[in-house]
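Trainee: Dropping a structure here in structure tokens format, bear with me for questions.
The values are calculated or read from the model by the stated rules, or taken from the named source; none is laboratory data. Remember, predicted model here, so these are calculated numbers, not experimental data. Using ideal geometry, Cβ is built from the backbone for each residue, glycine included, and neighbour counts are taken over all protein chains shown. SASA here: full protein model, heavy atoms, side chains in, ligands and nucleic acids out. Shrake-Rupley method; radii C 1.70, N 1.55, O 1.52, S 1.80 Å.
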Amino acid sequence: MTTIRTDAIVIGAGIAGVKASIDLTKAGVSNIILEARDRTGGRLNTVKSPNGRNFDLGASWFHDCLDNPLFEKSIEKGNIDFYFDDASMSLYNKDGFIHDDERLVPIFEEMKNYLETYWVPKSRENDVSIKEAAYQYLLKKKNVLNDFQLKNAPQLLRFFELWIGSSWDILSARYICEDKHLGRNAFCLNGWSSIYNNELVELSQISGCGNDTKKLETSKKIYLNTEVKKINFSNWNKEITIKTKNTKTNKIDTYICKYIICTAPLSVLKLQKNEVGSIEWSPKLPKQISNALDNLSFSALGKIFLEFDDVFWPKESDRFYCLPDYDTEMYNKIKNGDAKSGIQIRTNEIDLTSAPDAEGFTHPVLFLNVHRFAGVPVLACLISNPLTKWIEADPQNRAWPVIKPLLSKIVSSLPNAPKIIPAPKSITCTQWTTDPYARGSYTGLTVHDEFEDGIQALIDAKGIFDGKGRVRFAGEHCILQGSGCAHGAWISGAREAAEIIKRINNSKL
């Protein structure tokens, strides 16, 4: 068993952890990074397809481009290519292309205004799902909507599922419209690994390893395959002891420090004792932290990349959105003016127990036309829970049967539509829900969440151990503006490193 001492330990080698380590190292604070996986990057993961193309299974966009310091830094670096994929989005349902004359988009915008006006001010106790909110809106407006709009407008609102990664019957009506981006979104063309690698090279250089980032492992700056099992604080010597297990050899090691920056995902922090990836705290985390974790949720946005020999879909659109078939229960209640029964509120996702309907239009799916901005015969599909979890369990057998009928309907609108839709050459899919160190994608917005208060409690991190700020939390779940985004995680890493540097300089411990 090895024992290692350092000033600070960063848990997690994602972009938050690497940024924190960069700033600590620059300030002369000795630190190391412990990472449970056999790779760096965390939920940033650019993989190569069987045909050698780079696909981002994690972050794909620079969000908040009006005020995104990581975006600006990447532009200055000069080795990042991007595309603002905010041009036209074509709409489809099971009957085919939906023309603008159907006026679904203006109704969608009015529904968002309705959510902002009537549901954002509500208390946690009075929160409802966006499905329920859509139902209440349609009851109010059914006399000015035609039958097509009554059926399909609420399904357009399910676009939010592909923003967060959870189904509309658990998404919070009071929070969904507050989750806004500052400015445009730029799709990264050469993979988020290029942005992450810029940070890793910077850490390597200031750590005396030159441009060879692999030396960060041999120099013992980053420890891979190192799962944190227990974090213990001694009130006697004011030290933090971290027990770890090597995920390959099962070797137990000990690390001792004065400060921790924990960037483990929200999903991991929420785990019960003895679950894979769970961290035991001794003494236990204070009630305000455990309550914050209980009152925040985690989502599961999934991605499927399909490679073909040729482009046979419409080339002029950035995106194709396939609306699910209309909700017959909701539609019938609206037609009957049933305002009392409402829609059942749930706070947990229900797993799919069988394959979705063979027709395909049971869940919202957003297609990204990668050919339009990268010139390659590739489509990327965004999906949300519970479909994400179901497909990720067996993507090679489950993805294409779900996607094929949707793509067939998209192609059917073309003058020279192929009679037979070719199968993809390769399918590359996320597997975040099966990854024990991720268990999903990023922070969610579930009914009855305390999103702002919960995140602020993690940022403040009060009352842990001796109450002197020895434990800091960083990551996409520890920031308000930029929550769920890679740049938000990066900013939080810088914030917590600065907090520790300040405490050391002020000799508060």
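Trainee: Looking at segment 435-457, which of its residues are assigned to a loop (DSSP other than H, G, I, E, B) and either over 12 Å from D294 (Cβ atoms) or among the basic types (K, R) (or both)? Break it down stepwise before answering.
Mentor: Of the residues in segment 435-457, the ones assigned to a loop (DSSP other than H, G, I, E, B) are 435-442, 444-445, 447-450.
Passing the criteria: D435, P436, Y437, A438, R439, G440, S441, Y442, G444, L445, V447.
Trainee: Filter segment 459-484 down to the residues that are hydrophobic (A, V, I, L, M, F, W, C) and modelled with pLDDT of 95 or more and list them by number.
Mentor: Narrowing segment 459-484 to residues hydrophobic (A, V, I, L, M, F, W, C): 459, 461, 464-465, 471, 473-474, 478-480.
If the condition is that a residue be hydrophobic (A, V, I, L, M, F, W, C) and modelled with pLDDT of 95 or more, then I459, A461, I464, F465, V471, F473, A474, C478, I479 are the ones that fit.
Trainee: Only one residue in S384, S413 is touching a residue at least 60 places away in the same chain (Cβ under 8 Å), of a type outside the set (D, E) and open to solvent by 30 Å² or more (accessible area, probe 1.4 Å). Which one?
Mentor: After ruling out the rest, the residue left standing is S413.
Trainee: Mind checking which pairs have a first residue in segment 279-306 that is closer than 20 Å to D466 by Cα and modelled with pLDDT of 95 or more and a second that is assigned to a loop (DSSP other than H, G, I, E, B) and polar (S, T, N, Q), Cβ under 9 Å, 6 or more apart or different chains?
Mentor: From segment 279-306, the pairs are E280/N274; P283/N235.
Trainee: If you check I4, I98, I22, I107, which single one turns out to be touching a helix residue (DSSP H, G or I) at 6+ places or on another chain (Cβ under 9 Å) and within 30 Å of T218 (Cα to Cα)? Reasoning before the result, please.
Mentor: On the way: I4 fails: touching a helix residue (DSSP H, G or I) at 6+ places or on another chain (Cβ under 9 Å); I98 fails: within 30 Å of T218 (Cα to Cα); I107 fails: within 30 Å of T218 (Cα to Cα).
That would be I22, the only listed residue that is touching a helix residue (DSSP H, G or I) at 6+ places or on another chain (Cβ under 9 Å) and within 30 Å of T218 (Cα to Cα).
Trainee: Could you say which residue among L57, L24 is open to solvent by less than 10 Å² (accessible area, probe 1.4 Å) and in contact (Cβ under 8 Å) with a residue 60 or more places away in the chain?
Mentor: Working: L57 fails: open to solvent by less than 10 Å² (accessible area, probe 1.4 Å).
Unique residue meeting the criteria: L24.
Trainee: Within segment 32-54, work out how many residues are crowded, with 22+ Cβ neighbours inside 10 Å, assigned to a loop (DSSP other than H, G, I, E, B) and not small (G, A, S).
Mentor: Of the residues in that region, 5 qualify.
Trainee: Another question, then. Of the residues D435, D351, which is without any contact (Cβ under 8 Å) to a residue 60 or more places away in the chain and either out of contact with any Phe, Trp or Tyr (no Cβ under 8 Å at 6 or more places or on another chain) or over 29 Å from S129 (Cα atoms) (or both)? Outline the logic, then answer.
Mentor: Working: D351 fails: either out of contact with any Phe, Trp or Tyr (no Cβ under 8 Å at 6 or more places or on another chain) or over 29 Å from S129 (Cα atoms) (or both).
Just one listed residue meets the conditions, D435.
Trainee: Quick one: would you say V128 is open to solvent by less than 80 Å² (accessible area, probe 1.4 Å) and not hydroxyl-bearing (S, T, Y)?
Mentor: Numbers: open to solvent by less than 80 Å² (accessible area, probe 1.4 Å): yes; not hydroxyl-bearing (S, T, Y): yes.
So V128 fits the description; yes.
Trainee: Restricting to segment 314-323, what's the tally of residues that are at pLDDT 95 or above and in a loop (DSSP other than H, G, I, E, B)?
Mentor: 1
Trainee: Also, I was wondering about something else. Can you tell me how many residues in segment 240-278 are open to solvent by 30 Å² or more (accessible area, probe 1.4 Å), more than 18 Å from Y437 (Cα to Cα) and outside any loop (DSSP other than H, G, I, E, B)?
Mentor: 2
Trainee: Moving on to the next point. Can you tell me how many residues in segment 491-509 are open to solvent by less than 20 Å² (accessible area, probe 1.4 Å) and closer than 30 Å to N185 by Cβ? Before you say what the answer is, go through the steps one by one.
Mentor: As a first pass, look at segment 491-509 and keep what is open to solvent by less than 20 Å² (accessible area, probe 1.4 Å): 492-493, 496-497, 500.
From what's left, closer than 30 Å to N185 by Cβ: 492-493, 496-497.
Within segment 491-509, residues that are open to solvent by less than 20 Å² (accessible area, probe 1.4 Å) and closer than 30 Å to N185 by Cβ number 4.
Trainee: For segment 167-200, how many residues meet the condition of being open to solvent by 30 Å² or more (accessible area, probe 1.4 Å) and of a type in the set (A, V, I, L, M)?
Mentor: 2
Trainee: What are the pairs, 6+ residues apart or on separate chains, where a residue within segment 95-123 that is farther than 16 Å from Q155 by Cβ has its Cβ under 7 Å from a residue that is of a type in the set (G, A, S)?
Mentor: W119/A133; W119/A173
Trainee: Considering only residues of segment 429-457 that are of a type in the set (S, T, N, Q) and open to solvent by 20 Å² or more (accessible area, probe 1.4 Å), which is nearest to W281 (Cα to Cα)?
Mentor: Q456
Trainee: So, one more: Hey, can you tell me all the residues within segment 210-229 that are of a type in the set (A, V, I, L, M, F, W, C), touching a helix residue (DSSP H, G or I) at 6+ places or on another chain (Cβ under 9 Å) and at pLDDT 95 or above? Reasoning before the result, please.
Mentor: Let us first name the residues in segment 210-229 that are of a type in the set (A, V, I, L, M, F, W, C), namely 216, 222, 224, 228.
Cutting the leftovers down to touching a helix residue (DSSP H, G or I) at 6+ places or on another chain (Cβ under 9 Å) gives us 216, 222, 224.
The answer is I222, L224.
Trainee: For residues that are open to solvent by 30 Å² or more (accessible area, probe 1.4 Å) and in a loop (DSSP other than H, G, I, E, B), scanning just segment 280-291, find the one that is nearest to H477 (Cα to Cα).
Mentor: So in segment 280-291, the residues open to solvent by 30 Å² or more (accessible area, probe 1.4 Å) come out as 280, 282-285, 287-288, 290-291.
Of the ones still in play, those that are also in a loop (DSSP other than H, G, I, E, B) are 283-285.
On the way: P283: 23, K284: 20, L285: 17 Å.
Top of the filtered list is L285.
Trainee: Scan (1) under 16 Å from F108 (Cα atoms); (2) open to solvent by 10 Å² or more (accessible area, probe 1.4 Å) for the single condition Q155 breaks and write down its number.
Mentor: (2)
Trainee: Shifting gears a bit: Taking segment 458-490 on its own, how many of its residues are surrounded by fewer than 23 Cβ atoms within 10 Å (Cβ to Cβ) and in a helix (DSSP H, G or I)?
Mentor: Of the residues in that region, 2 qualify.
Trainee: Can you say whether N237 is polar (S, T, N, Q), in a loop (DSSP other than H, G, I, E, B) and surrounded by fewer than 23 Cβ atoms within 10 Å (Cβ to Cβ), as far as the supplied structure shows? Break it down into steps so the answer makes sense when it comes.
Mentor: On the way: polar (S, T, N, Q): yes; in a loop (DSSP other than H, G, I, E, B): yes; surrounded by fewer than 23 Cβ atoms within 10 Å (Cβ to Cβ): yes.
Here the answer is yes, as N237 does meet what is asked.
Trainee: Moving to a separate point now. For segment 72-92, which residues satisfy the criterion of being of a type outside the set (V, I, T), open to solvent by 10 Å² or more (accessible area, probe 1.4 Å) and not in a loop (DSSP other than H, G, I, E, B)?
Mentor: E72, K73, E76, K77, F82, Y83, F84, M89, S90, L91, listed by residue number.
Trainee: Considering only residues of segment 375-434 that are β-branched (V, I, T) and assigned to a strand (DSSP E or B), which is nearest to Q155 (Cα to Cα)? Before you say what the answer is, go through the steps one by one.
Mentor: Start the filter on segment 375-434 by keeping residues that are β-branched (V, I, T), which leaves 376, 378, 383, 388, 391, 402-403, 410-411, 420-421, 427-428, 430, 433-434.
Still in the list and also assigned to a strand (DSSP E or B): 378, 383, 427-428.
Values: V378: 26, I383: 14, I427: 27, T428: 27 Å.
Among them, the one singled out is I383.
Trainee: OK, next. Determine whether segment 277-290 contains at least one residue that is aliphatic (A, V, I, L, M), under 27 Å from the mean Cα position of the chain (by Cα) and under 30 Å from F373 (Cα atoms). Let's see the steps before the verdict.
Mentor: First, pick out the residues of segment 277-290 that are aliphatic (A, V, I, L, M): 279, 285, 289.
Subsequent filtering for residues that are under 27 Å from the mean Cα position of the chain (by Cα) retains 279, 285, 289.
Pick out the ones that are also under 30 Å from F373 (Cα atoms) and you get none.
No, segment 277-290 contains no residue that is aliphatic (A, V, I, L, M), under 27 Å from the mean Cα position of the chain (by Cα) and under 30 Å from F373 (Cα atoms).
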